[in-house]
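Worksheet: the structure to be examined is printed underneath.
Derivation of every value follows stated rules applied to the coordinates shown; laboratory data play no part. Everything numeric in this text was worked out from a predicted model, so none of it was measured. Because the Cβ atoms are built from the backbone with ideal geometry, glycine has one as well, and the counts that use them run over all protein chains shown.
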Amino acid sequence: MLKKLLVANRGEIAVRIIRAARDLGIATVAVHSDADTESLHVQIADEAVNIGPPAAKKSYLNIPVLLKAAEDTGCDSVHPGYGFLAENAGFSDAVTAAGLTFVGPSGDAIRLMGDKVAARSAAHAAGVPVVPGSAGRIHDIDEARHILIDTGFPVMIKAAAGGGGRGIRIANSLAEFETAFPQAATEALAAFGDGGLYMEKVITQARHIEVQVLGDGTDAIHCFERECSLQRRRQKVWEEAPSRALSPRLRDELCASAVRLARAVGYSGAGTIEYLYDDAADRFYFIEMNTRIQVEHPVTEMITGIDLVAEMLRIAGGEPLRLRQSEITPRGHAIEVRLNAEDPARDFAPFPGTVTDLRIPGGPGVRFDSMLYAGYTVPPFYDSLLAKLIVHAETREAAIARLTRALSELRIDGLKTTKPLFLALAADPAVQAGAVHTRWLEGWLETHAARLVPELEP
């Protein structure tokens, strides 16, 4: 078992990791920028190290500084969380080269699955269906035009090294395609240092469904699926499990395909394999793998009772998978909403500030993952995620009712947040019926956003 862990992240995920490590008797070291000196993860860790100025590239993305913090404090391991360096193969390699344990997959696995084209090839080789599109990287626009013969319109142009919804363009006609292709290449190069592109057919009104996997490098299991179809600008805002769209047969096929792929690439740690589900055709297609713990992992934890972060730590410490597939049985329904410091009535403009008071909801089946406390000042330098509210109940209808109750109890005074968005969504008939897809929310916001005015509490 690991003895001392450096948590190479900030915010609620750093708090989450520290708590899981402490449950296992692992000492923790928090890192923080100048802007995060008073952060909760700094306060609850056993030790803390200042790693530099607020700019992420000078602190949370500074690999030499992070490794020195681990060395100076006697750590034997590093957990990257999500975001920042979590899917950076070079960071995984550097941690290992320094004689430390990286809590996650190898650099080779991150490289393979982080390259979207290579990941598509690996999925195809494992017998996992992929969205129709280019077989590999596209070398020029002439080659791309030829691929259009098979895909037709609409088509999605995507960054081969992409993620987080960046480096993506959708073209509905040849004229749009001629403009979008070079734009996507330019954005991909700027965002990822790699202008490589590939193409996929757009599946209209698709659902986004993902499977949580755990692997120990030799074997792999799944912890069932989550649905994340409610998205804004390709960023998830509401996640739930299980998906009401899947039949038992298709659920079995989907989850089995994820396990095949995880085993095929020798995956170690917690990972998520993401799919598009075509309601009309009743078919699913692999789109990518996230080689890290995800923001929405508590949804799976609520329906399975498995502490995914603790399992990551055990696997990194050398233990084989403790769980057998037959032992994992989902129960009830869980929903997570992401509470951001944003004003939904003003195109979700960031709203950093000071939390003057905080009332956290409670009761059966309610979980609140956060780095907030009364008096905390949210810095303007990082992602605007403040907290995740997760609820669990025996049925989806009961979970939505519980979510509404918990949101009504929640107060984060001094800030504007996205709480009004989720109260409105929970009351919407289409959401209640589960009749949504990945583009549904953006259409809904066109007519509802102006009414989502958060009350700025004193």
Fill in: the range 400-458-the range 298-349 distance, computed between alpha-carbon centres (Å)
22
Practice prompt. Taking volume of the Cα convex hull per residue in Å³ as the quantity of interest, determine which of [x] 137; [y] 164; [z] 227 was computed from the displayed structure.
Written response: [x]
Discussion item. Students often get this wrong: which residues of the range 357-371 have the backbone nitrogen under 16 Å from the point 7 angstrom along Cα-to-C-beta of Glu409?
Written reply: 358-370
Discussion item. Averaging over every viewing direction, what projected area does the convex hull of the Cα atoms of the range 175-219 cover, in nm²?
Written reply: 5.8
Worksheet item: Put +1 on the Cβ of every Lys and Arg and -1 on every Asp and Glu Cβ in the chain; which of His437, Ser326, Leu308 then has its Cα farthest towards the positive end of the dipole?
Response: Ser326
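Considering only DSSP beta bridges where both residues belong to the chain, give the percentage that are antiparallel (nearest 5).
Working: 61 of 76 bridges.
Taking every DSSP beta bridge with both residues in the chain, the antiparallel ones total about 80 percent.
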Discussion item. For the ranges 364-376, 30-42, what's the packing order if you count other beta-carbon atoms within 10 Å of each residue, average per peptide, and put the highest first?
Written reply: 30-42, 364-376
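If a helix is a whole DSSP H run, which ones in the chain reach 27 Å or further along their own axis (Cα) and hold a mean Kyte-Doolittle hydropathy of at least -0.5?
Numbers: long enough: none.
Going by DSSP H runs, there are no hits.
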Worksheet item: Considering only Cα-Cα distances, which of the following residue pairs are longer than 26 Å: Lys3/Lys236; Lys4/Lys58; Lys58/Lys158; Lys3/Lys57; Lys4/Lys416; Lys4/Lys419?
Response: Lys3/Lys236; Lys58/Lys158; Lys3/Lys57; Lys4/Lys416; Lys4/Lys419
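Highest first, please rank the peptides 321-331, 79-89 by the mean number of other Cβ atoms sitting within 10 Å of their residues.
Numbers: 321-331: 12.7, 79-89: 22.3.
Answer by packing, highest mean first, reads 79-89, 321-331.
Projected area of the range 4-103, taken from the Cα convex hull and averaged over every viewing direction, in nm²? Could you put the intermediate results ahead of the total?
Numbers: hull surface 21.0 nm².
With every direction weighted equally, the projected area is 5.2 nm².
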Worksheet entry | Debye, to nearest 20: dipole size of the chain, +1 on Lys, Arg Cβ, -1 on Asp, Glu Cβ | 320
Response to the item:
Here the gain from full extension of Arg439 to Thr356, 0.36 nm per residue of separation minus their alpha-carbon distance, amounts to 26.3 nm
